[in-house]
Amino acid sequence: METNNLIQLLFIFLPGIAGVILINFAIASEKKLEINEGIAYSFVLGTLCYLPLNIFGKGQIFNTLLSKNPLILPKEIAAALFLALIYSLIVIYIINKELYHLTLRKYKLSNKLGKKYLLQGLISSTDKEINGLCNKWVSVRYQNKEQVYIGYLKAINVTEQENFEILIKEVTAYFDNKDTPSYSLEALYLCEKPEDIVLEFHK
């Protein structure tokens, strides 16, 4: 394939690539996008962008891809980029609102939360039954030392190293199994290995 034709093909796939990049940066995910996944998602999203143009409009992308000299139409690329933006916003909304897994659970087709860790779902899930423990009083109890933090749970995250990030407010610290507080804080950020702590939810 000539260099000129290769460049045109790259422009043809531009809407799909742009959409996948937008989605990947917009959603909160601990999973990195693999190259093969990125290519597959870009192809699918790009195809969905050009499909309406070829069915309802005067798009020629699909026809030119089968020819030896694919012809790029700037207007068609611009329209596909606009559709990629619309599709990306829809996908971002569905992912962040967990509508896909919520629907599957509603019809008992799955029991997955859509998160790698259950702990993340407690804060971010839109399912009221799952999200019921959000903004509750908790005790963060250490397994390997006599140390407990009691506070109001505000946020939970899982890092790329698979550590738990926990933000609690109105914190009271108890050391050495004492009944009296060691000290108090307005807020406390913790980053610990999952096996080192126990998260206890208060009634």
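Observations on the structure shown:
- Approximate spin-label separation Ile86-Glu146, in nm, with each point projected 7 Å along Cα-to-Cβ: 6.6
- Karplus-derived 3J(HN,Hα), 6.51/-1.76/1.60, for each residue of segment 42-52, Hz, glycine and proline x: 5, 5, 5, 5, x, 4, 5, 6, 7, 4, x
- Between Leu48 and Glu34, full extension at 0.36 nm per residue minus the direct alpha carbon distance yields a gain of 2.9 nm.
Coordinate-derived values only; no laboratory data. As the structure is a prediction and not an experimental result, all values here were calculated from the model. Methodologically, a virtual Cβ is constructed for each residue, glycine included, from the backbone with ideal geometry; neighbour enumeration extends over all protein chains shown.
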